[in-house]
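The values are calculated or read from the model by the stated rules, or taken from the named source; none is laboratory data. None of these values were measured; they are calculated from a predicted model. Neighbour counts are summed over all protein chains in view; Cβ atoms, including those assigned to glycine, are modelled from backbone coordinates with ideal geometry. Remember, those area values only see protein heavy atoms, side chains included, never the ligands or the DNA or RNA. Shrake-Rupley method; radii C 1.70, N 1.55, O 1.52, S 1.80 Å.
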Amino acid sequence: MVQYSLSTPIEYLKGVGPQRGDVIKKELGVFCYVDLLNYFPFRYVDRTRFYKIRDLTADLQQVQVLGRIVSKEVIGDKRAKRLVAQFKDDTGVIELVWFQSLKWIDKVIQVGSVYIAFSKPNEFNGRISMSHPEIELYDPSSKKAGNLTLQPVYNSTEKLKQFSLDTKGIQKVQFSLLELILNQVEEILPGYLLEKHKLISRRQAYQFIHFPANQSDLAQAQFRLKFEELFFIQLKLLRNKLLQTAKFKGAVFANVGQKFNTFYNELLPFELTNAQKKVIKEIRTNTQNGVQMNRLIQGDVGSGKTAVALMSMLLAIDNDFQACMMAPTEILAQQHYQSITSLVLADFINVEILTGSTPAKKRRTLLAKLLSGGIDILIGTHALIEDVVQFKNLGLVVIDEQHRFGVEQRAKLWKKNIIPPHVLVMTATPIPRTLAMTLYGDLDVSVIDELPAGRKPIQTLHLYESQRLRMFGFMKQEIDKGRQIYVVYPLIKESEKLDLLHLEAGAEHIAKVFPLPKYRISVVHGKMPVKDKEYEMQRFVRGETHIMVATTVIEVGVNVPNASVMIIENSERFGLSQLHQLRGRVGRGAEQSFCVLMSGNKLSREAKIRIETMVRTNDGFEISEIDMQLRGPGNIEGTQQSGTLDLKLADLANDQAILQEARESVIKIFEDDPQLANPKNQLLAAYFMTKHDGIGWNKIS
Ligand code: ADP
Ligand code: MG
């Protein structure tokens, strides 16, 4: 009889017991055996090789060096007394330094003998040294020489350490667990996939991830477990997509009709870019075959997503469907309404707007008209999603500037018609490919990767506080040319009051430098009553004010083509994607536009990278990749609520290749065997039948 299983509570493990069990549960969220098995080392100490002194840098973790002590002396006065030994191999010499237990160390180490020193290299005044190395006499005949393995290092906590569960302690517990339970770890991937992707068995992978004998074991274990993790996410996403396609028919937009053609040939004031044409074509194809479309359009700010959306909506109308377009804010909805109605006349199509501030009476007539089919395009905010908003025959929903629009909200829209409408999600925040594949793995993705011709790339410069006068001079010059200017201040919850003070002080300062009546200024921030905010925004939009001093409320979507300068105060406090979004508010007209990043003199390493990146490139995709490298995928805008990113081992910033391989593998499987009915895919089918414990699959959304 098996006494232990993967789900046995942790306290039953030899060396744990009730007391330590409690602490482990509280501190690590590890409740049973399989949880502990999945508590992986976060790094490994490399004792598989000796480093050469020449190769030591301060970037290395702990390493071991084989060398000879050539001299030693105790130096310094009483307070700063230390023992310094010169340690030499055939490539160089470093200092080993001890500040404590000097007498004892002095006795242990002998000048002329060979030792293994183990520690993290430091750099001081350009010279490498090691402080308090573990030191051991080298015995070439001993097998133990250098203790040749990779030692796992586990995260521990102060509390755990009180119960002797530092990394060494956890190592011990982990070791006895593996002895006990490893043979119960079952394979969950079919053999043919193991072979195809050169994966080691699951059992072996767990063994090696905790106790690798060498780098190659470790690499194999990591690859196997990361692959598995990403594979099952993709399996789930792509299966959902398949099921949905099978379950829902899509409205058929068979014809390119009169509205679409008239608009394209007569009303559209510019030539579409090739990228816009390509995406419209993708949408065309996707809405012709009776399958419901769920498509994400990624296009950098200013790439012309609105035109693509409008033409898709005309396509719907040509096929006797209605369309709607949802924006995240009232201002944006207004802008869409204005830009669309300025392109198409009322006798061409009927466009209406519905937001939270639509008066009740107007709202009633509007809703009635919508239900009777008197409205072709309804533009609005989230209000559109409410159940009272009913269409006669909704065929297409466009969701603008939303990366937070999750599966659930999409599902709510699907219910708006008997045949669920096609859904287009548009985002101007490019996200890294790996994230798109994970977060939107069930969506088709179109990319508008080209800006309209003739756009001058925005010039970005970085100025320090001491150069403020120069900035004011530059502002004057641009205003005199007839341009408008944004000045943006950071505002975050934690320091809201102070931030508002900064904004007010900044606005006052600007008002002094740019006095009435020649110059007019708008001030807008999130704490103002909506009405005042709206009023000030509109003044700026109409060109009545020259400078808009604001917090990030203007971040998303606002379109004032005459505004050609974006000044970002305290730019070191903004994240990369936010900076990019803000910069995208300018560069919308024919004029050369500028973005000025103001900062203090002291910048953290990351702030420096962010600012340098902004100055170097306008490419949103490149910026998003760097953003992910800096902050990790879990912190990228729009991903916070997504359980999909609770990855145990895989890392979307660095494991793109593995993700790609896993996704392609899944695509192939479904192509050959959409039902997973083939016996060779039995294990995969079983994955959807059973609840696996401890793999964290239940967390995967
Ligand atoms: P975004 O993708 O950021 O939503 P918009 O759709 O607001 O961009 O377009 C930005 C500006 O570019 C608008 O003023 C729009 O009229 C203009 N525009 C869009 N497509 C083209 C094009 N092919 N050629 C010239 N201007 C264009
Ligand atoms: Mg837009």
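Quick one: angle between helix 605-616 and the longest Cα principal axis of the chain, in degrees between 0 and 90, rounded to 10, please.
Compared with the principal axis, the helix lies near 40 degrees.
Just how far, in whole angstrom, is segment 317-340 from segment 21-100 if you go by their alpha carbon centroids?
61
Calculate the length of the line joining the C-alpha centroid of segment 180-201 to that of segment 421-442, in whole Å.
First find each Cα centre; the distance between them is then 32 Å.
Return the FRET efficiency for the residue pair PHE621, ASP532: r is the Cβ-Cβ distance, R0 is 45 Å, and the value is rounded to the nearest 0.05. Working shown, then result.
Values: r = 37 Å, r/R0 = 0.83.
It comes to 0.75.
Using alpha carbon centroids, what distance separates segment 461-511 and segment 206-225, in Å?
With segment 461-511 and segment 206-225 each reduced to a Cα centre, they are spaced 53 Å.
Treat every Asp and Glu Cβ in the chain as -1 and every Lys and Arg Cβ as +1, leave all other atoms uncharged, and give the resulting dipole magnitude about the Cα centre to the nearest 20 debye.
Here the size comes out at about 820 debye.
Starting from the Cα of LYS497, step 7 Å along the direction of its Cβ; do the same at TYR12; then give the gap between the two resulting points in nm.
So the two model labels end up 5.5 nm from each other.
Within segment 236-255, which residues have the backbone N less than 17 Å from the label spot 7 Å out from ALA685 along Cα→beta-carbon, could you tell me?
Under 17 Å, as judged by backbone N against the label point of ALA685, lie 236, 239-240, 243 of segment 236-255.
State, to one decimal in nm, how far the label point of ARG43 lies from the label point of GLU504, with both points 7 Å from Cα in the Cβ direction.
So the two model labels end up 4.7 nm from each other.
Within 10 Å of each candidate Cβ there may be at most 14 other Cβ atoms; applying that plus a DSSP loop requirement, which chymotrypsin sites (Phe, Trp or Tyr not before Pro) in segment 37-88 survive?
Those satisfying the criteria are PHE42.
Filter the GluC sites (Glu not before Pro) in segment 227-290 to those in DSSP coil with at most 10 other Cβ atoms within 10 Å of their Cβ, and list the result.
On the way: sites: GLU228, GLU229, GLU266, GLU271, GLU282; in loops: GLU271.
Sites meeting the loop and neighbour criteria: GLU271.
In what sequence, largest accessible area first, do LYS241, LYS198 appear using a 1.4 Å probe?
LYS198, LYS241
Using 0.36 nm per residue, how much length does the chain from GLU465 to ASN289 gain when fully extended, once their Cα-Cα distance is taken away?
Extending this stretch completely gives an extra 57.5 nm.
Residues of the chain: accessible area per residue at 1.4 Å, in Å²? Before the final figure, lay out each step's value.
On the way: 33550 Å² over 701 residues.
That works out to 48 Å² for each residue.
Taking only Cα atoms, what is the 0 to 90° angle, nearest 10, from helix 274-286's long axis to the longest principal axis of the chain?
Compared with the principal axis, the helix lies near 90 degrees.
Name the residue farthest towards the positive end of the dipole of the chain from the options TRP98, ASN678, ALA309, assuming +1 on Cβ of Lys and Arg, -1 on Cβ of Asp and Glu, about the Cα centre.
TRP98
List the GluC sites (Glu not before Pro) in segment 385-480 that DSSP assigns to loop (not H, G, I, E or B) and whose Cβ has at most 11 other Cβ atoms within 10 Å. Which are they?
Taking segment 385-480 and a limit of 11 other Cβ atoms within 10 Å, the loop GluC sites (Glu not before Pro) found are GLU386.
At 1.4 Å probe size, with the rest of the protein present, what percent of the exposed accessible area of segment 248-338 is carbon and sulfur atoms?
50
Could you tell me the calculated FRET efficiency between LYS281 and SER216, based on Cβ-Cβ distance and R0 = 51 angstrom, to the nearest 0.05?
E(calc), rounded to 0.05, equals 0.60.
Starting from the Cα-Cα distance between ARG520 and LYS25, subtract it from 0.36 nm times their residue separation and give me the gain in nm to one decimal.
Details: separation 495, 0.36 × 495 = 178.20 nm, distance 6.12 nm.
My answer for the length gained is 172.1 nm.
Any idea which of PHE124, VAL291, THR329 is furthest toward the positive side of the dipole for the chain, if Lys and Arg beta-carbons carry +1 and Asp and Glu beta-carbons -1?
Comparing the listed Cα positions along the dipole, PHE124 ranks first.
Under a plain spin-label model, where a point goes 7 Å from the Cα along Cα-to-Cβ, how far apart in nm are ALA657 and VAL108?
4.1
So if R0 is 22 Å, what FRET efficiency would LYS172 and SER101 give, r being the distance between their Cβ atoms, rounded to the nearest 0.05? Don't skip to the answer; put the middle values down first.
Numbers: r = 26 Å, r/R0 = 1.17.
Between LYS172 and SER101 the formula returns 0.30.
For the Cα atoms of the chain, what angle does the longest principal axis make with the long axis of helix 496-513, in degrees from 0 to 90, nearest 10?
Result, in degrees: 60.
Note the full-extension length gain between ARG455 and LYS392 as 0.36 nm times their separation in residues minus their Cα-Cα distance, in nm to one decimal.
Between ARG455 and LYS392, full extension yields an extra 18.6 nm.
Going toward the positive end of the dipole of segment 328-483, with +1 on Lys and Arg Cβ and -1 on Asp and Glu Cβ, which of ALA428, THR355, SER372 do you reach last?
Ranked along the dipole, the leading option is THR355.
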